[in-house]
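First up is the structure itself, then whatever we jot down about it.
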């Protein structure tokens, strides 16, 4: 299985937008681990360089998904790991929370992973992530000028995403 | 009337059609690709105008036919009418759609002012590809009008997105 295929160039440095945003940052990965989008709204602390940051995030989520599926005490028959599943089907990890932030995750059947990092008091963001996936389908997947597997450089998607994230509670 | 098809299917089909003609069939020959795409639009417009004028009487003059294109025809195709119609009363009409349905999802990142030459050429390529997508609707309008007995030439103008203008010049 190829993990970090595609170009090694990280997405361009994020533009910090106006204050009042509830989210800290957002990642979108595709099935091969290529970081399609990294947007940052409010991140005072940078520990690693962008390359390592993305690799770490992808690796973490892959391991978490695998761990949570293996430790599931309820499901008698275990499906294969890695088959396409709708969000919520099977045993799917969807968020973790620390005392300083909350990370919400959603994976689509096509392998696109959405990660949103917000303040710890945020509620369940699964519907939010579904909406962001809809924005992705509308402005990225249906964009005639976008090549799948490359960095997302679509103005309409970025604007719509910023606007929506500003409005989540 | 008739059966229905999903809009996403149509969008994807049109995107793929333009991409195939530009990158595979007539790679490096954009004028030929444009001509073929416009010809496909011509056929489609021809047949659609036949279908949508079934119960109507003949049009009295050119302006009536153009108004039909702006209102009923555009509504059947895109669920909205043309927003603005201008004419110079000498055979040229400008049809402006403030939110052209097939262009709403298309967008690219504007390159920075002092971008590298590679970035600027990519941006120029994207702009060219965007205008390729307009040959099909131009062909539809031309096909529809020529089926109504009005030979013309149609071109498109996307200087201010997402609004899109179609310029129809009627041949004397």
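Structure notes:
- For the options B:49, B:159, B:117, a Gaussian network treatment of chain B with springs between C-alpha atoms closer than 10 Å singles out B:117 as fluctuating the most.
- For residue B:92 and residue A:130, a Förster radius of 30 Å and the Cβ-Cβ distance give a FRET efficiency of 0.05, rounded to the nearest 0.05.
- Note on the protein assembly as shown: helix-only mean residue ellipticity at 222 nm, from DSSP H runs of 4+ residues weighted -39500 (n - 2.57) and normalised by residue number, equals -11500 deg cm²/dmol.
- Shape class for the range B:61-110, computed from the alpha carbon gyration tensor (a ≥ b ≥ c): oblate, with a/c not under 1.5 and a/b at or below b/c.
- For chain B, relative contact order (Cα pairs under 8 Å, six or more residues apart, normalised by length) works out to 29 percent.
- Test item: A:152-162 mean partner chain Cβ contacts at 10 Å: 3
- Counting every pair of alpha carbons in chain B, the share spaced more than 29 Å apart comes to 23 percent.
- For the pair residue B:160 and residue B:146 in one chain, pulling the backbone fully straight at 0.36 nm per residue adds 2.2 nm over the alpha carbon distance.
- As a proxy for reagent exposure, A:138, B:38, A:155 were ordered by neighbouring Cβ count within 10 angstrom, fewest first; the result is A:155, A:138, B:38.
- Extension gain (nm, one decimal) between residue A:67 and residue A:22, 0.36 nm per residue minus Cα-Cα: 13.3 nm
- Estimated distance in nm for a label pair at residue A:86 and residue B:55, the labels positioned 7 Å out from Cα along Cα-to-Cβ: 4.0 nm
- The range A:20-157: radius of gyration and largest Cα-Cα distance (Dmax), Å: 15.3, 46
- When Rg and the Kirkwood radius Rh are both evaluated on Cα atoms of the protein assembly as shown, their ratio Rg/Rh stands at 1.06.
- Residue exposure sequence - A:115, B:170 - by fewest surrounding Cβ within 10 Å: B:170, A:115
- Over the range B:32-107, relative contact order from alpha-carbon pairs under 8 Å, at least 6 apart, %: 16 percent
- Angle of helix B:117-132 to the longest C-alpha principal axis of chain B, folded into 0 to 90 degrees and rounded to 10: 10°.
- Each of B:94, B:18 was scored by other Cβ atoms within 10 Å of its Cβ. Listed from fewest to most, they are B:94, B:18.
- For the range B:83-172: rounded, prolate or oblate by the Cα gyration tensor [a/c cutoff 1.5]: prolate
- Peptide-level mean, for B:100-108, of C-beta atoms on other protein chains within 10 Å: 5
- The mean sequence distance of close C-alpha pairs (under 8 Å, at least 6 residues apart), as a share of the length of the range A:31-169, puts its relative contact order at 20 percent.
Quick note: the coordinates plus some simple rules give every number you see, no bench work behind them. As the structure is a prediction and not an experimental result, all values here were calculated from the model. Note that each Cβ is placed from the backbone with ideal geometry, even for glycine, and that neighbours are counted across all protein chains shown.
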